[in-house]
Structures are given as structure tokens and as C-alpha cells.
1. Going through region B:196-210 one residue at a time, which ones are buried (at least 18 other Cβ atoms within 10 Å of the Cβ) and within 11 Å of another protein chain (Cβ to nearest Cβ)?
2. Look through region A:87-107, keep the residues that are touching a Phe, Trp or Tyr at 6+ places or on another chain (Cβ under 8 Å) and part of a loop (DSSP other than H, G, I, E, B), and return whichever of them is surrounded by the most Cβ atoms within 10 Å (Cβ to Cβ).
3. When region B:38-74 is examined, which residues are found to be of a type in the set (S, T, N, Q) and either more than 11 Å from every other protein chain (Cβ to nearest Cβ) or touching an Asp or Glu at 6+ places or on another chain (Cβ under 8 Å) (or both)?
4. May I ask you to list pairs of residues, at least six apart or on different chains, whose Cβ atoms are under 6 Å apart, with the first in region A:185-205 being over 11 Å from A:PRO158 (Cβ atoms) and the second being small (Gly, Ala, Ser)?
5. Exactly one condition in (1) assigned to a loop (DSSP other than H, G, I, E, B); (2) open to solvent by 10 Å² or more (accessible area, probe 1.4 Å); (3) touching a strand residue (DSSP E or B) at 6+ places or on another chain (Cβ under 7 Å) is false for A:PRO158; which is it?
6. A:LYS188: farther than 30 Å from B:LYS98 by Cα and more than 14 Å from chain B (Cβ to nearest Cβ), yes or no?
7. Considering each residue of region B:75-129, count those that are more than 17 Å from the chain's Cα centre (by Cα), in contact (Cβ under 8 Å) with a residue 60 or more places away in the chain and within 14 Å of chain A (Cβ to nearest Cβ), and give that number.
8. Criterion first (within 12 Å of chain A (Cβ to nearest Cβ) and under 27 Å from B:PRO187 (Cα atoms)) does B:SER20 satisfy it?
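The values are calculated or read from the model by the stated rules, or taken from the named source; none is laboratory data. Small disclaimer: the values here were computed from a predicted structure and weren't measured. Reconstructed Cβ throughout: ideal geometry from the backbone, glycine too, with neighbour counts over all protein chains shown. For accessibility, only protein heavy atoms count, side chains too; no ligands or nucleic acids. Shrake-Rupley method; radii C 1.70, N 1.55, O 1.52, S 1.80 Å.
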2 protein chains.
Amino acid sequence: MALRTLSAKSAAALDKELMSSGAFSIDQLMELAGLSVSQAVFKLQPLNQGKRILVACGPGNNGGDGLVAARHLYHYGYQPTMYYPKQSKSELYQRLTKQLKDLDIPFTEDFDSALKQADHIVDAIFGFSFSGEVREPFPKVIEALRDTKIPVLAVDAPSSWNIEDGPPDSGPGKGFQPQALISLTTPKPLVKWFKGRHFIGGRFLSPAMAEKYGLDVPPYHGLDQLVEIGVEGQKL
Amino acid sequence: MALRTLSAKSAAALDKELMSSGAFSIDQLMELAGLSVSQAVFKLQPLNQGKRILVACGPGNNGGDGLVAARHLYHYGYQPTMYYPKQSKSELYQRLTKQLKDLDIPFTEDFDSALKQADHIVDAIFGFSFSGEVREPFPKVIEALRDTKIPVLAVDAPSSWNIEDGPPDSGPGKGFQPQALISLTTPKPLVKWFKGRHFIGGRFLSPAMAEKYGLDVPPYHGLDQLVEIGVEGQKL
């Protein structure tokens, strides 16, 4: 049995339901999602192998997960640097940003320079609600992510990939294949084209909600807020 | 150098500041506090030594931490049962309660019966804002916690203890000495009288805020959301 995935439309419906009848606040869900992302970085990039994490955040929820992850990474002992060129004006994102500034975490607008000083990159630019064209200033950023030798962890989707159809045939994301991906709550159809290490995070899905959406509750272990899906995971 | 503590008044001021200039929402702080509590249970009560966790929640924030902890415990594989006789009408607590009900976690009003079927107890009845008398229906509950052989983990304070002066000289809490305590953000003065295993949780304190309040950022390790303070911790 293959790992079950959720289309962009269904993922949006699930998120909405978690926050309506599920009674979760977006603060809670984003905190737990970002915590999962930070744990993936911890597994991929041990502290003693380079602490400098460049976190690239887009304007929406995917970027919010990156903001939360950066805070946890700081507390683990990493040195995050934020690239967050299109900052949302919503109160939640402003608060998450303030929490980072209170930790003296630097924000940069110069992605290329930041890349030269990074040991690992978190791609929190676009998530499951992405479709269409990559807008400025992100085309160059995605080209840089595609071309860099520094490992990239993508959050929910490699940015610029189509959620259903995977890697684009043209544009900056053509040929972008990150080293790792963390799918939040559940994988999206694009994982079919993904070749790196794959984690699932967001340990809050109830069995009832999983059943309603035809999903599996991922096989988390111990206190982990994420699980790596390998050969075993494909047999869920 | 002894571990630095924070009076009830200063702890309240710190909480308030985290949520004003610190820009944290109560949802975020409670999620992280409850997560810490759940990790303490995981350390104290391994899953293969009894999964039945009775979580006793009071009407305020301490109870809220218990509600969050119970959800995480469920996801780890425990079987929580809730005793939450004075349910807050605030929207946050109603949501946290709904999240538990969606997991089919039982709520009981019969503490004594629940106690007989528990392997471990979380005392999330009163926290650092407690003072004065223990009100109904909690006197009998605290007597039961005092007398039971089942291990008890107290959240922030053994319920009924005075935050500054420790164990009460009279009343139901006289002689109550839980097996374990998790102090949230920072220990309170009552820890001087506490004899069990002691954890610190709530991994979100910034160095700047710690300095302002004359506190130590606890020496967390790895991904842990808590740290046990033993002989080493006393030398922080």
C-alpha cells in the first residue's frame, strides 16, 4: 500500500477543518508545524557539522512555519539567518518576526551573500497553496536553491513545484530537487517526483480526521514531532 | 551558585511581558508548556510500564497546561483520562477541551475511581497564581494525591503549596510531596522544600528576558523541551 497523499484542495480543506470543528488555533498548528521543521533540520544537520541555517520564508503560511522553526533552531544552539523579503502584515506573522528579533536573529535582504555563509537552507517559500508563476523577488532565489551545493530542506513542497504535478517543465524551479522534504500533516501528490529524504511532521492529526480524509496517521516514535518515511514508510 | 527562582509576582509579570512586548500568544506559550509537561511524563513513566495517565486540571492556566499535555500524551501512545471539574468558559480552554474530546479522551467527575485505574498522575490543578484556601471540589482531590502510592508529577507547583513558602502547615496539602515537579520557564521559591525529581520546561525564554528578570536560561539538551535539574543543575 502506497503512502496516501492529499491534493492541494483537500489539504486546504483539512487545514480549515482543523481550525473550525477541530478547534485548533493557527498559532497552535503553526507552532507544531514549525517545531517539526526544526526537528528535521536537527536530524539532517547535526550541530557539530555547521550551525548556520539560512531560512528563506515566503509571504504565507509556509513562511510562518519557517519563522517558528528558526526560533526553535536558535534554542537548540543553531545560528539562523532569515531571508523574508515579503513580510506579511498579519498580526501573527508580525509576532513571530518579533520573537526572532528579540533573539537577535538577523534578517537579510541579500540572499546570495547569506547563501555563501550558510551550512544548511530551509526552503519555506511556497507551500501547498502555491500555483502559477513564481513572483519577484523569488525567481532568483529558487534558481540559487536549485544550483547550490548546500543542502536544502523544503517545507511541504519544493518551492515552485506544482502540488499535484511536481517539478515544473520550465522557469526557475526546473531541475530543482532539494535534498530533503518535510511534508506537514500528510504528503502531497508531488512526493511522487521527489528523490531525497522525506519526513512527515505535524503530530496533531486525530484518527477521526485522518479517516475522514482517507489519510494515515504517520507512525511517529517516542517524543518525535516527525517521522522519516523510507522503504518502511511506503508500506504504511 | 544556587538555581535562581522567581516569585509569584515576578512570574506573573514575566508571563505578561512574554505576551505583550515578547509578542507570544497564550496559545503558543501554553502549547510549549504543555509539551514540556508531556515530555516529563514520558521520562517518568515509560510507555511499557503503564500507559494510563490521570490528568487533574484546575480552572486556570495550570489546568490549560494539563489539557495540552494530555493531547501530546495521547499522540505518544498513552491513555489519558481527564479530571477537569471546573471547566473554564474562556474560548481557549474550550478549544483545548474540544481537541481532547475529538481524540475520544474520557473526562470523569469521579476522581477516586479514576485514581484506582491510573499508572501516573499529572497535578495541573493550581500553579504559580495560587494563594489562600483550596476550594471545592479540590480539597479531597489534594488529600488523595497526598495519600496515593501512584506517582504524581506536579506542574509548576504541588497544588496547595504556597509559591513562596512551600508546603502548607495545615489543610489537605499538609504533607503532600509529589514524586516529581516540572517548573515552567523557571523555578519558583517553593522548590526549596521540594524533595523529588525536578524538571524545568518551556523552552522559549530569550537571553534578554532572562537577564531582565535575573534568571538563567536552563541548560536544555538536543531537542528536549525540558531539562532535569539535579546536582549539576544546582550549579547553574
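1. Hits for region B:196-210 are B:GLY202, B:ARG203, B:PHE204, B:LEU205, B:SER206, B:MET209.
2. A:ILE105
3. Within region B:38-74, B:GLN39, B:GLN45, B:ASN48, B:GLN49, B:ASN61, B:ASN62 qualify.
4. If the second residue must be small (Gly, Ala, Ser), the pairs left are A:THR185/A:GLY202; A:ARG197/A:ALA180; A:PHE199/A:ALA40; A:ILE200/A:SER183; A:GLY201/A:SER36; A:GLY202/A:ALA33; A:GLY202/A:SER36.
5. For A:PRO158, the failing item is (2).
6. no
7. 1
8. yes
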